[in-house]
Amino acid sequence: MGILKPQYKFRRIFEIPVDFFRNNGICHLILDIDNTLSYHDSQEISEEVLAWLSKMKENGIDMALLSNNKPHRVLPFAEKLEIPFVPGAGKPLLKGYKEVLRRFNWEKEKTASIGDQLFTDIWGANRLRIMSVMVEPFHRESGKFLRFKRVLERIILKGEREYD
């Protein structure tokens, strides 16, 4: 596995069964927000995502939000979901990931990170050597830089198995 290759890929976060985590010894999830749990810069959360988060909680899976966004973006989202958060993570740098592990006393071997971007979410998780899970973004971004990154992602992932 390369540093930019996700260990696992799913179409949407709510399609990942709780047994997937249990079977892999995972009991802690680091979750990206934009285009993973919700549309980019949105505070809206779909019923499917809410049901999935509830199922994770019911099954004893701990979760934390890790975002490169500032607190004013992340706080309302985190409060709505009742999930702790670390904003300004600087992904793919390790400081945010390490802060989550330290703050909640999580073991790397029992932690997975889920996100939609290779160059932030997946790269950061792989650098820290925690399980990396990639999901498709909810929608295509309009910014030129993000669109360019998506083209690079398709090139890197070409020939990869579509979903686990």
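Could you tell me which numbered condition Met1 fails, if it satisfies all but one of (1) at pLDDT 95 or above; (2) not in a strand (DSSP E or B)?
(1)
How many of the residues making up segment 31-70 are at pLDDT below 95, closer than 16 Å to Tyr97 by Cα, surrounded by 13 or more Cβ atoms within 10 Å (Cβ to Cβ) and out of contact with any Asp or Glu (no Cβ under 9 Å at 6 or more places or on another chain)?
1
Just need a number here: residues in segment 105-119 that are farther than 10 Å from Ile30 by Cβ and surrounded by fewer than 21 Cβ atoms within 10 Å (Cβ to Cβ).
Within segment 105-119, the subset farther than 10 Å from Ile30 by Cβ is 105, 107-110, 116-119.
Then keep just the ones that are surrounded by fewer than 21 Cβ atoms within 10 Å (Cβ to Cβ); that gives 105, 107-110, 119.
Summing the residues that are farther than 10 Å from Ile30 by Cβ and surrounded by fewer than 21 Cβ atoms within 10 Å (Cβ to Cβ) in segment 105-119 gives 6.
Yes/no matrix, rows are residues, columns are (1) among the hydrophobic types (A, V, I, L, M, F, W, C); (2) more than 12 Å from Asp32 (Cα to Cα); (3) not in a helix (DSSP H, G or I):
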site	(1), (2), (3)
Pro76	no, yes, no
Lys80	no, yes, no
Tyr97	no, no, no
Val100	yes, yes, no
Trp106	yes, yes, yes
Ala112	yes, no, yes
Gly124	no, no, no
Met134	yes, no, yes
Phe138	yes, yes, yes
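Determine which member of the set Ala64, Ala89 is without any contact (Cβ under 8 Å) to a residue 60 or more places away in the chain, closer than 15 Å to Ile130 by Cβ, touching a strand residue (DSSP E or B) at 6+ places or on another chain (Cβ under 7 Å) and part of a loop (DSSP other than H, G, I, E, B). Outline the logic, then answer.
Values: Ala64 fails: part of a loop (DSSP other than H, G, I, E, B).
Criteria check complete, one pass: Ala89.
The values are calculated or read from the model by the stated rules, or taken from the named source; none is laboratory data. None of the values given here were measured: they were computed from a predicted structure. Note: ideal-geometry Cβ built from the backbone for every residue, glycine included; neighbour counts use all protein chains shown.
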